[in-house]
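Derivation of every value follows stated rules applied to the coordinates shown; laboratory data play no part. Because the structure is predicted, anything quoted here is derived from the model rather than measured. Glycine also receives a Cβ, built like all others from the backbone with ideal geometry; neighbour counts cover every protein chain displayed.
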């Protein structure tokens with residue numbers, strides 16, 4: 001049966017089609033973030049693992065719809081996805097293989113429903129994204145989108161009795177994690193026409209978007225990257 005089959009059993013997931021749905025989601029999650037999946041498999045109680053996979057797959061699928069493909073097609077694809085999810089939440093069932101695991105996980109962890117709704121409400125911000133002019137713009141993005149996305153996962157881990165200060169700690173973590181992701185993904189994002197770094201920070205280091213697009217190795221780009229990684233490190237250390 002293997003560890004995954006035992007985790008499905010421990011989570012009470014016995015329906016063959018639903019087990020297949022969860023297994024497909026597991027393969028997707030393991031494929032795009034292998035290290036995170038392995039950490040979850042090693043550290044989480046088996047009954048929680050399939051539900052964490054379902055929440056992660058839902059978040060990733062939504063995020064992919066928002067920032068992949070031609071801009072004129074994203075809004076329509078996202079709207080159709082939201083309808084599938086909300087129809088499923090309202091009716092308790094779905095013919096969409098990516099929605100069924102989420103619905104089952106919501107039934108097992110009812111507190112997730114509000115976090116799913118909050119994330120869907122926040123997600124259109126990604127469709128309207130044009131960059132961050134100031135640090136304050138970036139901080140609003142963390143509050144409006146990055147934190148609701150992270151709470152899909154963090155809320156499952158803490159359970160229904162959230163400790164005092166937990167959400168605030170999650171906010172500090174996702175701030176640092178998001179900053180680190182923006183540096184790690186800089187080349188890929190620029191190739192997609194997206195710049196996630198704060199423009200006033202670029203100005204402070206004398207760096208332009210063209211410098212970054214051309215991978216210019218200058219004292220300014222080095223100081224910029226050191227500054228950004230320092231910000232991420234400070235949050236994550238906290």
query = With each run of n ≥ 4 DSSP H residues scored as -39500 (n - 2.57), what mean residue ellipticity at 222 nm is computed for the chain after dividing by its residue count and rounding to the nearest 500 deg cm²/dmol?
reply = -22500 deg cm²/dmol
remark   = Which of (i) 133; (ii) 204; (iii) 179 is the computed volume of the Cα convex hull per residue in Å³? It is (i)
query = Suppose R0 equals 35 Å; then what is the FRET efficiency for residue 226 and residue 136 from their Cβ-Cβ distance, rounded to the nearest 0.05?
reply = 0.95
query = Can you give me the relative contact order of the chain as a percent, contacts being Cα pairs under 8 Å and 6 or more apart?
reply = 17 percent
key: Tensor-based shape of segment 33-156 (alpha-carbon gyration tensor, a/c under 1.5 rounded, otherwise prolate or oblate)   = oblate
message = Run the simple label-point estimate for residue 160 and residue 87 please: 7 Å along Cα→C-beta, distance reported in nm.
response = 3.0 nm
query = Label point 7 Å out from residue 35 along Cα-to-Cβ: which residues of segment 152-177 have amide N under 18 Å?
reply = 173-177
inquiry  = Would segment 1-103 count as rounded, prolate or oblate if I go by the C-alpha gyration tensor, calling it rounded below 1.5 in a/c and otherwise prolate when a/b exceeds b/c, oblate otherwise?
reply    = oblate
ask   = In degrees, nearest 10, range 0 to 90: what is the angle between the Cα axis of helix 219-237 and the longest Cα principal axis of the chain?
value = 40 degrees
key: Folded to 0 to 90 degrees: helix 166-184 orientation relative to the chain principal axis, Cα   = 60 degrees
query = Angle, helix 16-32 long axis vs. longest principal axis of the chain, Cα atoms, 0 to 90°, nearest 10?
reply = 20 degrees
query = Once you sort the root eigenvalues of the Cα gyration tensor of segment 130-238 as a ≥ b ≥ c, which label holds: rounded (a/c under 1.5), prolate (a/b larger than b/c) or oblate (the other case)?
reply = prolate
